[in-house]
Amino acid sequence: MRFDLPTPDPETQPFWDGARAGQLMIKRCRACAEHHFYPRPFCPSCWSEDVEWVEASGDATLYTWSVVHVNDLPPFPERVPYVAAVVDLAEGPRMMTNVVDCDPDDLEVGMSLQATFHPTSDAVTIVQFRPAATVSAR
Ligand SMILES: [Zn+2]
């Protein structure tokens, strides 16, 4: 799977529809109330199939990242350096993503991030994260 242009399929279509509308959609288990990502047809915590789509807050904190300086696969050469990151969503799940709009030197473990949506094609809008805006600081 190309990371820059993932292919929506029936299981993940609601995620892509949400992203296109500026919503971060994740799944929640009705049995144990745990959220999970990426979307699966069952709950990875308790194996219940009673899972539903919910809109996440878009709030996250930075767990880890690496600054990618070299990537020979198109379309990455013109995008380097970029920040490949793992973030902890406020709802609990961990998500692989990119952090944008931030100098890599300013990244800090635990910093507050906010989802941002970047259309890459008619079908696919990717979810990235940027530092939480000062207006949303709590
Ligand atoms: Zn569960």
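The values are calculated or read from the model by the stated rules, or taken from the named source; none is laboratory data. No experiment lies behind these values; they were computed from the predicted model shown. Here the Cβ is made from the backbone with ideal geometry for all residues, glycine too, and neighbour counts use every protein chain on show.
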#### Entry: Residue count for the stretch 83-119, restricted to those that are out of contact with any strand residue (DSSP E or B) (no Cβ under 7 Å at 6 or more places or on another chain) and in a strand (DSSP E or B)
0
#### Entry: Scope the stretch 1-60; condition among the acidic types (Asp, Glu) and under 19 Å from Val87 (Cβ atoms); matching residues
Asp4, Glu34, Glu55, Asp59
### Message
Condition first: within 16 Å of the ligand (Cβ to nearest atom), modelled with pLDDT of 95 or more and of a type outside the set (Val, Ile, Thr). Can you find one or more residues in the stretch 60-82 that meet it?
### Response
no
### Summary
Being touching a residue at least 60 places away in the same chain (Cβ under 8 Å), buried (at least 17 other Cβ atoms within 10 Å of the Cβ) and on the phi < 0 side of the Ramachandran plot narrows Ala123, Ala85, Ala56, Ala115 down to just Ala115
### Query
For Val51, are the conditions met, namely being of a type in the set (A, V, I, L, M), under 24 Å from Pro8 (Cα atoms), within 16 Å of the ligand (Cβ to nearest atom) and surrounded by 13 or more Cβ atoms within 10 Å (Cβ to Cβ)?
yes
### Query
Mind checking whether some residue in the stretch 20-39 is of a type outside the set (A, V, I, L, M), more than 16 Å from the ligand (Cβ to nearest atom) and over 18 Å from Ala132 (Cα atoms)?
yes
### Query
If Asp101 passes every condition in (1) farther than 17 Å from Val127 by Cβ; (2) more than 16 Å from the ligand (Cβ to nearest atom) but one, which one does it miss?
(1)
